[in-house]
Amino acid sequence: MQRKASELLQRCKSCQLQWIPREKNSKADEAATKAIKSVVKESVIDIPEDLPLCEPREGLESKIQRLNSQRDGAKFKEWLQLKSGRDKFSSLRGDRLIDAVPMEVAEAITKALTEDEQDLLEKCLRWYLRGVKPIYAIKKSRVDAEIAANLAKKRG
């Protein structure tokens, strides 16, 4: 799509495009998000609301409680600002990480991730252990993945 837009732009010599960061163009960001959601299915299934939760990690209690209570109302920027730093969950990997999470939670998160997102599983499980609801642990991991992809594009 970007290639087609570039080709059209080259044909129209009097046209110019200016990049505007998403945080300064909320209307376009909202329209793009709606368009993407209409085509790309974020979750294969809904995550049950009654799954067990972990206590919010010390130092993140207020942020995590606020994000957990906002449902889908939390803004992209709020998810971006949630940072854990290195903690006891950062080094958990593989079976040790899976064993630390209730089976029904690990299964729900695994099923909710699309085929292309399976590499986010461990990140989701760590955010769950820090106290983020399973559905929002997925949201947080997706936000972080989007930022990482954007940075990689800029560098490469």
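The values are calculated or read from the model by the stated rules, or taken from the named source; none is laboratory data. Just so it is clear, the structure is predicted and the values come from calculations on it, not from any experiment. Neighbour counts run over all protein chains shown; Cβ positions are idealised from the backbone, glycine included.
Report those helices (runs of 4 or more DSSP H) wholly inside region 37-144 carrying at least 2 residues which are of a type in the set (Ser, Thr, Tyr).
61-69
Only residues that are buried (at least 24 other Cβ atoms within 10 Å of the Cβ), of a type in the set (Val, Ile, Thr) and more than 14 Å from Leu53 (Cβ to Cβ): list them for region 125-145, please.
Matches in region 125-145: Ile138 only.
Being β-branched (Val, Ile, Thr), at pLDDT 70 or above and surrounded by 10 or more Cβ atoms within 10 Å (Cβ to Cβ): is that true of Ile36 here?
On the way: β-branched (Val, Ile, Thr): yes; at pLDDT 70 or above: no; surrounded by 10 or more Cβ atoms within 10 Å (Cβ to Cβ): yes.
No.
Is it true that some residue in region 53-65 is on the phi > 0 side of the Ramachandran plot, exposed (fewer than 13 other Cβ atoms within 10 Å of the Cβ) and under 18 Å from the mean Cα position of the chain (by Cα)? Outline the logic, then answer.
Quick first cut of region 53-65, residues on the phi > 0 side of the Ramachandran plot only: 59.
The next check asks that each one be exposed (fewer than 13 other Cβ atoms within 10 Å of the Cβ); those that pass are 59.
This time we only want the ones that are under 18 Å from the mean Cα position of the chain (by Cα), so: none.
No: zero hits.
Condition first: in contact (Cβ under 8 Å) with a residue 24 or more places away in the chain and of a type outside the set (A, V, I, L, M, F, W, C). Now tell me which residues in region 120-140 satisfy that.
Answer for region 120-140, where residues must be in contact (Cβ under 8 Å) with a residue 24 or more places away in the chain and of a type outside the set (A, V, I, L, M, F, W, C): Glu122, Arg126, Tyr128, Arg130, Gly131, Lys133, Pro134, Tyr136, Lys139, Lys140.
So, of the residues in region 81-124 that are farther than 21 Å from Glu55 by Cα and among the acidic types (Asp, Glu), which turns out to be surrounded by the fewest Cβ atoms within 10 Å (Cβ to Cβ)?
Glu115
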